[in-house]
1. Counting only the heavy atoms of the protein chains, how much of VAL289 is accessible to a 1.4 Å probe, in Å² to the nearest 10?
2. Take the alpha carbon gyration tensor of segment 225-292, find the square roots of its eigenvalues, order them as a ≥ b ≥ c, and report rounded if a/c is under 1.5; if not, report prolate when a/b exceeds b/c, else oblate.
3. Would you mind computing Rg(Cα) / (2.2 N^0.38 Å) for the chain, counting N as its residues?
4. Obtain the nm distance between the two label points defined at ALA329 and ASP163 by a simple spin-label model: each point lies 7 Å from its Cα along the Cα-to-C-beta direction.
5. Give me the distance in nm between label points sitting 7 Å out from Cα along the Cα-to-Cβ direction at LYS350 and GLU224, one decimal.
6. Mind checking which lysines have their Cα closer than 17 Å to the Cα of LYS269? Skip sequence neighbours fewer than 8 apart in that chain.
7. For segment 159-312, what does the accessible surface come to per residue with a 1.4 Å probe? Please give it in Å².
8. How much accessible surface area, in Å² rounded to 10, belongs to the heavy atoms of LYS217 with a 1.4 Å probe?
Amino acid sequence: MTLKLVVGLFALTGAALTVAGRNTRPVLAAGKTASTPGWDRQAAERYLDGREVWWQAWDRAQKDHGTYCVSCHTQEPYGLAQPVLRRELGQTAPSAAEQAMIASIEKRVRLWKEVTPFYPDDIYGPGKEIESRNAESVLNAVILAGRDARLGHLSETTRAAFDNAWALQSKSGPTAGAWVWQNFHYTPWESPESEYHGAALMAVAVGHAPDRYRDDKRIEPNFEALRGYLRSHLDAQPLVNKAVLLWASARETGLLTREERSKLVADLKARERTDGGWSLTDLGKWERVDNTPLETRSDGYATGLIVLALEENGIQDDAVSRGLAWLEANQDKTTGAWPAWSLNKNRNPKSDAGPFMSDAATGYAVLALEARR
(Lines give C-alpha, C1' and ligand atoms only; values in the text may rest on other atoms or scores of the structure.)
Protein backbone atom coordinates (compact mmCIF):
# COMPACT_ATOMS: atom_id res chain seq x y z
CA MET A 1 0.00 0.00 0.00
CA THR A 2 1.50 3.36 -1.00
CA LEU A 3 1.87 6.33 1.32
CA LYS A 4 -0.49 8.41 -0.84
CA LEU A 5 -3.16 5.76 -0.53
CA VAL A 6 -2.78 5.59 3.24
CA VAL A 7 -3.07 9.34 3.61
CA GLY A 8 -5.93 9.50 1.13
CA LEU A 9 -7.88 6.83 2.94
CA PHE A 10 -7.46 8.66 6.20
CA ALA A 11 -8.66 11.92 4.72
CA LEU A 12 -11.66 10.37 2.98
CA THR A 13 -12.94 8.36 5.93
CA GLY A 14 -12.27 10.72 8.80
CA ALA A 15 -9.90 8.35 10.63
CA ALA A 16 -12.02 5.29 9.83
CA LEU A 17 -9.39 3.75 7.58
CA THR A 18 -10.24 1.16 4.95
CA VAL A 19 -8.26 -2.03 4.39
CA ALA A 20 -8.71 -4.01 1.20
CA GLY A 21 -12.06 -2.37 0.58
CA ARG A 22 -13.44 -3.15 4.04
CA ASN A 23 -14.35 -0.44 6.49
CA THR A 24 -12.43 -0.95 9.73
CA ARG A 25 -14.39 1.28 12.03
CA PRO A 26 -14.51 -0.44 15.40
CA VAL A 27 -16.86 -3.41 15.40
CA LEU A 28 -17.34 -4.22 19.06
CA ALA A 29 -17.13 -7.76 20.28
CA ALA A 30 -19.90 -9.04 22.51
CA GLY A 31 -19.84 -7.30 25.85
CA LYS A 32 -17.27 -4.69 24.74
CA THR A 33 -17.81 -0.95 24.91
CA ALA A 34 -15.80 1.68 23.13
CA SER A 35 -15.92 4.00 26.12
CA THR A 36 -15.44 3.23 29.77
CA PRO A 37 -16.10 5.69 32.60
CA GLY A 38 -13.41 8.31 32.25
CA TRP A 39 -11.82 7.35 28.95
CA ASP A 40 -12.69 6.62 25.35
CA ARG A 41 -10.92 3.83 23.42
CA GLN A 42 -12.18 4.97 20.05
CA ALA A 43 -10.92 8.51 20.61
CA ALA A 44 -7.52 7.16 21.68
CA GLU A 45 -7.36 5.00 18.58
CA ARG A 46 -8.31 7.91 16.31
CA TYR A 47 -5.54 10.01 17.81
CA LEU A 48 -2.89 7.28 17.55
CA ASP A 49 -3.91 6.31 14.01
CA GLY A 50 -4.01 9.95 12.94
CA ARG A 51 -0.57 10.61 14.32
CA GLU A 52 0.82 7.53 12.58
CA VAL A 53 -0.65 8.72 9.27
CA TRP A 54 0.94 12.13 9.84
CA TRP A 55 4.28 10.52 10.66
CA GLN A 56 4.24 8.47 7.48
CA ALA A 57 3.55 11.60 5.43
CA TRP A 58 6.17 13.79 7.16
CA ASP A 59 9.09 14.46 4.84
CA ARG A 60 11.68 13.95 7.59
CA ALA A 61 10.34 10.44 8.30
CA GLN A 62 10.80 9.31 4.67
CA LYS A 63 13.65 6.84 4.19
CA ASP A 64 15.03 4.77 1.34
CA HIS A 65 13.22 1.86 -0.33
CA GLY A 66 9.91 3.56 0.44
CA THR A 67 10.22 3.06 4.21
CA TYR A 68 9.79 5.28 7.26
CA CYS A 69 12.00 6.17 10.20
CA VAL A 70 10.98 4.21 13.29
CA SER A 71 10.58 6.58 16.23
CA CYS A 72 10.69 6.08 20.02
CA HIS A 73 8.06 8.75 20.63
CA THR A 74 5.42 8.00 17.97
CA GLN A 75 5.85 4.58 16.37
CA GLU A 76 7.07 2.49 19.31
CA PRO A 77 4.14 3.45 21.60
CA TYR A 78 1.74 3.13 18.67
CA GLY A 79 3.12 -0.28 17.74
CA LEU A 80 2.61 -1.57 21.29
CA ALA A 81 -0.75 0.06 22.04
CA GLN A 82 -2.62 -0.35 18.75
CA PRO A 83 -2.89 -4.17 18.85
CA VAL A 84 -4.28 -3.89 22.39
CA LEU A 85 -6.88 -1.35 21.35
CA ARG A 86 -7.79 -3.42 18.31
CA ARG A 87 -8.43 -6.45 20.50
CA GLU A 88 -10.52 -4.52 23.00
CA LEU A 89 -12.55 -2.88 20.23
CA GLY A 90 -13.18 -6.23 18.61
CA GLN A 91 -11.61 -5.24 15.31
CA THR A 92 -10.79 -8.02 12.88
CA ALA A 93 -7.97 -6.33 10.98
CA PRO A 94 -5.28 -3.69 11.54
CA SER A 95 -5.95 -0.20 10.24
CA ALA A 96 -4.23 0.94 7.05
CA ALA A 97 -1.84 3.06 9.12
CA GLU A 98 -0.78 0.12 11.28
CA GLN A 99 -0.39 -2.12 8.24
CA ALA A 100 1.80 0.47 6.53
CA MET A 101 4.00 0.85 9.62
CA ILE A 102 4.48 -2.91 10.04
CA ALA A 103 5.12 -3.35 6.31
CA SER A 104 7.83 -0.68 6.45
CA ILE A 105 9.52 -2.27 9.47
CA GLU A 106 9.37 -5.75 7.98
CA LYS A 107 10.77 -4.48 4.70
CA ARG A 108 13.74 -2.89 6.45
CA VAL A 109 14.32 -6.09 8.43
CA ARG A 110 14.31 -8.16 5.23
CA LEU A 111 16.56 -5.69 3.41
CA TRP A 112 18.74 -5.01 6.45
CA LYS A 113 22.01 -5.17 4.52
CA GLU A 114 20.68 -2.95 1.75
CA VAL A 115 18.75 -0.16 3.49
CA THR A 116 20.75 2.87 4.55
CA PRO A 117 20.90 4.05 8.18
CA PHE A 118 18.42 6.72 9.18
CA TYR A 119 21.22 9.22 9.92
CA PRO A 120 24.26 8.88 7.61
CA ASP A 121 27.59 10.13 8.94
CA ASP A 122 28.21 12.39 5.95
CA ILE A 123 25.08 14.39 6.76
CA TYR A 124 24.68 14.15 10.54
CA GLY A 125 28.26 13.71 11.72
CA PRO A 126 30.61 10.88 12.73
CA GLY A 127 29.04 8.00 14.61
CA LYS A 128 25.43 8.72 13.71
CA GLU A 129 25.18 5.76 11.33
CA ILE A 130 26.10 3.32 14.10
CA GLU A 131 23.84 5.04 16.63
CA SER A 132 20.80 5.11 14.40
CA ARG A 133 21.37 1.58 13.11
CA ASN A 134 21.59 0.20 16.64
CA ALA A 135 18.54 2.07 17.90
CA GLU A 136 16.51 1.02 14.86
CA SER A 137 17.41 -2.65 15.30
CA VAL A 138 16.16 -2.66 18.90
CA LEU A 139 12.97 -0.73 18.14
CA ASN A 140 12.17 -3.05 15.24
CA ALA A 141 12.40 -6.02 17.61
CA VAL A 142 10.33 -4.27 20.29
CA ILE A 143 7.47 -3.39 17.93
CA LEU A 144 7.38 -6.71 16.09
CA ALA A 145 7.63 -8.76 19.30
CA GLY A 146 4.75 -6.74 20.75
CA ARG A 147 2.71 -7.47 17.66
CA ASP A 148 3.54 -11.17 17.78
CA ALA A 149 2.74 -11.40 21.49
CA ARG A 150 -0.89 -10.55 20.61
CA LEU A 151 -0.91 -13.05 17.74
CA GLY A 152 0.59 -15.82 19.87
CA HIS A 153 3.34 -16.79 17.43
CA LEU A 154 6.81 -15.42 16.68
CA SER A 155 7.17 -14.71 12.97
CA GLU A 156 10.36 -15.39 11.04
CA THR A 157 10.65 -11.67 10.35
CA THR A 158 10.57 -10.93 14.07
CA ARG A 159 13.27 -13.54 14.65
CA ALA A 160 15.32 -11.82 11.98
CA ALA A 161 14.76 -8.46 13.69
CA PHE A 162 16.08 -9.91 16.95
CA ASP A 163 19.05 -11.40 15.08
CA ASN A 164 19.86 -8.00 13.56
CA ALA A 165 19.80 -6.40 17.01
CA TRP A 166 21.90 -9.09 18.71
CA ALA A 167 24.51 -8.80 15.97
CA LEU A 168 24.94 -5.10 16.84
CA GLN A 169 25.02 -5.59 20.62
CA SER A 170 28.28 -4.18 22.04
CA LYS A 171 30.76 -6.90 22.96
CA SER A 172 33.22 -4.78 24.94
CA GLY A 173 33.78 -1.36 26.46
CA PRO A 174 31.38 0.70 28.59
CA THR A 175 28.35 -0.29 26.51
CA ALA A 176 29.09 -4.05 26.59
CA GLY A 177 25.76 -5.88 26.62
CA ALA A 178 23.84 -2.82 25.38
CA TRP A 179 23.72 -0.82 22.15
CA VAL A 180 25.47 2.42 21.20
CA TRP A 181 22.32 4.53 21.15
CA GLN A 182 21.13 7.41 19.04
CA ASN A 183 22.14 10.65 20.72
CA PHE A 184 20.98 14.10 19.65
CA HIS A 185 20.76 15.27 23.28
CA TYR A 186 16.99 14.98 23.27
CA THR A 187 15.84 13.46 26.53
CA PRO A 188 14.47 10.84 27.23
CA TRP A 189 14.92 8.83 23.99
CA GLU A 190 17.84 10.36 22.08
CA SER A 191 20.31 11.32 24.80
CA PRO A 192 23.19 9.70 26.73
CA GLU A 193 20.85 8.09 29.28
CA SER A 194 18.78 6.62 26.43
CA GLU A 195 21.34 3.84 26.03
CA TYR A 196 19.98 2.18 29.18
CA HIS A 197 16.39 2.94 28.24
CA GLY A 198 16.85 1.13 24.91
CA ALA A 199 18.53 -1.85 26.56
CA ALA A 200 15.69 -2.16 29.05
CA LEU A 201 13.15 -2.04 26.21
CA MET A 202 15.02 -4.91 24.55
CA ALA A 203 14.57 -6.92 27.75
CA VAL A 204 10.85 -6.11 27.61
CA ALA A 205 10.73 -7.36 24.01
CA VAL A 206 12.45 -10.65 24.85
CA GLY A 207 10.15 -11.18 27.81
CA HIS A 208 7.02 -10.64 25.71
CA ALA A 209 8.12 -12.62 22.64
CA PRO A 210 5.99 -15.76 22.15
CA ASP A 211 7.06 -19.32 21.30
CA ARG A 212 9.44 -19.43 24.30
CA TYR A 213 11.91 -17.23 22.48
CA ARG A 214 13.60 -16.43 25.78
CA ASP A 215 14.58 -20.11 26.11
CA ASP A 216 16.35 -20.20 22.74
CA LYS A 217 19.90 -21.34 23.53
CA ARG A 218 21.25 -19.25 20.67
CA ILE A 219 20.43 -16.01 22.46
CA GLU A 220 21.54 -17.09 25.92
CA PRO A 221 24.97 -15.37 25.71
CA ASN A 222 23.34 -12.22 24.33
CA PHE A 223 20.74 -12.05 27.05
CA GLU A 224 23.26 -12.76 29.79
CA ALA A 225 25.34 -9.85 28.48
CA LEU A 226 22.23 -7.66 28.39
CA ARG A 227 21.27 -8.63 31.92
CA GLY A 228 24.81 -7.94 33.12
CA TYR A 229 24.72 -4.47 31.59
CA LEU A 230 21.30 -3.65 33.07
CA ARG A 231 22.38 -4.74 36.53
CA SER A 232 25.82 -3.12 36.54
CA HIS A 233 24.51 0.25 35.31
CA LEU A 234 21.33 0.35 37.40
CA ASP A 235 22.42 2.64 40.22
CA ALA A 236 23.37 5.51 37.91
CA GLN A 237 20.02 5.61 36.11
CA PRO A 238 17.25 8.21 36.37
CA LEU A 239 13.97 6.84 37.67
CA VAL A 240 12.38 6.90 34.22
CA ASN A 241 14.89 4.26 33.07
CA LYS A 242 14.44 2.25 36.24
CA ALA A 243 10.69 2.20 35.58
CA VAL A 244 11.32 0.51 32.21
CA LEU A 245 13.56 -2.03 33.94
CA LEU A 246 10.80 -2.71 36.49
CA TRP A 247 8.46 -3.38 33.57
CA ALA A 248 10.97 -5.80 32.04
CA SER A 249 11.57 -7.54 35.37
CA ALA A 250 7.95 -8.71 35.52
CA ARG A 251 8.82 -11.43 32.97
CA GLU A 252 12.57 -11.79 33.38
CA THR A 253 14.30 -13.04 36.52
CA GLY A 254 17.69 -11.75 37.54
CA LEU A 255 17.16 -8.15 36.48
CA LEU A 256 16.34 -6.96 40.00
CA THR A 257 16.88 -8.50 43.40
CA ARG A 258 13.91 -8.60 45.76
CA GLU A 259 15.42 -5.73 47.75
CA GLU A 260 16.09 -3.64 44.65
CA ARG A 261 12.59 -4.23 43.41
CA SER A 262 11.03 -3.21 46.74
CA LYS A 263 13.15 -0.06 46.90
CA LEU A 264 12.38 0.87 43.31
CA VAL A 265 8.63 0.40 43.82
CA ALA A 266 8.82 2.56 46.94
CA ASP A 267 10.84 5.25 45.14
CA LEU A 268 8.32 5.39 42.29
CA LYS A 269 5.35 5.54 44.63
CA ALA A 270 7.02 8.34 46.58
CA ARG A 271 7.01 10.46 43.40
CA GLU A 272 3.25 10.12 42.91
CA ARG A 273 1.61 13.53 43.11
CA THR A 274 -1.42 14.45 45.14
CA ASP A 275 -3.58 14.36 42.01
CA GLY A 276 -2.70 10.68 41.50
CA GLY A 277 -0.38 11.17 38.53
CA TRP A 278 3.36 11.29 37.99
CA SER A 279 5.46 13.96 36.29
CA LEU A 280 8.39 13.11 34.04
CA THR A 281 10.15 16.10 35.58
CA ASP A 282 10.37 14.19 38.88
CA LEU A 283 11.97 11.09 37.33
CA GLY A 284 15.45 12.47 36.72
CA LYS A 285 17.64 15.55 36.71
CA TRP A 286 16.80 17.51 33.60
CA GLU A 287 17.63 20.93 32.21
CA ARG A 288 15.97 22.49 29.19
CA VAL A 289 18.25 23.75 26.47
CA ASP A 290 16.26 26.98 26.19
CA ASN A 291 16.51 27.59 29.96
CA THR A 292 12.73 27.76 30.34
CA PRO A 293 11.21 26.19 33.48
CA LEU A 294 10.41 22.51 33.30
CA GLU A 295 6.74 21.57 33.25
CA THR A 296 5.87 20.16 36.67
CA ARG A 297 2.30 18.95 36.13
CA SER A 298 1.48 15.25 36.04
CA ASP A 299 1.70 13.85 32.53
CA GLY A 300 0.38 10.83 30.67
CA TYR A 301 3.78 9.39 29.73
CA ALA A 302 5.22 9.19 33.24
CA THR A 303 1.90 8.10 34.72
CA GLY A 304 1.20 5.51 32.04
CA LEU A 305 4.70 4.02 32.16
CA ILE A 306 4.83 3.74 35.96
CA VAL A 307 1.31 2.40 36.36
CA LEU A 308 2.03 -0.15 33.62
CA ALA A 309 5.27 -1.26 35.29
CA LEU A 310 3.55 -1.64 38.66
CA GLU A 311 0.61 -3.54 37.19
CA GLU A 312 2.87 -5.89 35.23
CA ASN A 313 4.53 -6.75 38.54
CA GLY A 314 1.20 -7.67 40.08
CA ILE A 315 0.85 -4.52 42.17
CA GLN A 316 -2.76 -3.43 42.57
CA ASP A 317 -2.91 -0.97 45.44
CA ASP A 318 -4.03 2.57 46.21
CA ALA A 319 -1.11 4.12 44.32
CA VAL A 320 -2.04 2.21 41.17
CA SER A 321 -5.74 2.96 41.62
CA ARG A 322 -5.01 6.68 41.93
CA GLY A 323 -2.80 6.52 38.83
CA LEU A 324 -5.51 4.80 36.83
CA ALA A 325 -8.05 7.35 38.03
CA TRP A 326 -5.72 10.14 36.89
CA LEU A 327 -5.42 8.55 33.46
CA GLU A 328 -9.19 8.16 33.16
CA ALA A 329 -9.72 11.79 34.12
CA ASN A 330 -7.04 13.36 31.92
CA GLN A 331 -7.70 12.10 28.41
CA ASP A 332 -8.56 15.00 26.13
CA LYS A 333 -12.12 14.20 25.14
CA THR A 334 -11.76 16.06 21.84
CA THR A 335 -8.46 14.70 20.55
CA GLY A 336 -8.33 11.41 22.48
CA ALA A 337 -4.75 12.15 23.60
CA TRP A 338 -3.10 12.42 27.00
CA PRO A 339 -0.95 15.43 27.90
CA ALA A 340 2.83 15.40 28.15
CA TRP A 341 5.53 18.01 27.63
CA SER A 342 9.06 18.10 26.29
CA LEU A 343 11.94 17.95 28.75
CA ASN A 344 14.19 19.70 26.24
CA LYS A 345 12.47 22.98 25.43
CA ASN A 346 9.18 24.83 25.61
CA ARG A 347 7.78 23.51 22.33
CA ASN A 348 4.91 24.98 20.36
CA PRO A 349 2.23 22.23 20.46
CA LYS A 350 1.37 23.04 16.83
CA SER A 351 4.93 22.53 15.61
CA ASP A 352 6.03 19.26 14.00
CA ALA A 353 7.71 18.04 17.18
CA GLY A 354 5.13 19.58 19.52
CA PRO A 355 2.87 16.50 19.86
CA PHE A 356 5.66 13.90 20.17
CA MET A 357 5.42 13.63 23.95
CA SER A 358 1.63 13.29 23.75
CA ASP A 359 2.10 10.50 21.20
CA ALA A 360 4.13 8.54 23.74
CA ALA A 361 1.82 9.51 26.59
CA THR A 362 -1.23 8.23 24.73
CA GLY A 363 0.36 4.91 23.84
CA TYR A 364 1.49 4.22 27.40
CA ALA A 365 -1.75 5.47 28.93
CA VAL A 366 -3.64 2.94 26.80
CA LEU A 367 -1.25 0.14 27.82
CA ALA A 368 -1.69 0.99 31.50
CA LEU A 369 -5.47 1.26 31.34
CA GLU A 370 -5.83 -2.04 29.50
CA ALA A 371 -3.31 -3.86 31.70
CA ARG A 372 -5.64 -3.70 34.70
CA ARG A 373 -7.96 -6.29 33.11
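1. 100
2. Values: a/c = 2.72, a/b = 1.48, b/c = 1.84.
Cα axes put segment 225-292 in the oblate bin.
3. On the way: Rg = 19.4 Å, N = 373, 2.2 N^0.38 = 20.9 Å.
Against the compact-globule rule of thumb, the ratio is 0.93.
4. Between ALA329 and ASP163, the label points sit 5.1 nm apart.
5. It works out to 5.8 nm between the two label points.
6. Output for LYS269: LYS242.
7. Numbers: 6450 Å² over 154 residues.
Ligands and nucleic acids excluded, the figure is 42 Å² per residue.
8. 150
The values are calculated or read from the model by the stated rules, or taken from the named source; none is laboratory data. The shown structure was predicted, so the numbers you read here are calculated from the model rather than taken from an experiment. Because the Cβ atoms are built from the backbone with ideal geometry, glycine has one as well, and the counts that use them run over all protein chains shown. Ligands, DNA and RNA are stripped out before the accessible areas are found, and what is left, the full protein with its side chains, is counted by its heavy atoms. Shrake-Rupley method; radii C 1.70, N 1.55, O 1.52, S 1.80 Å.
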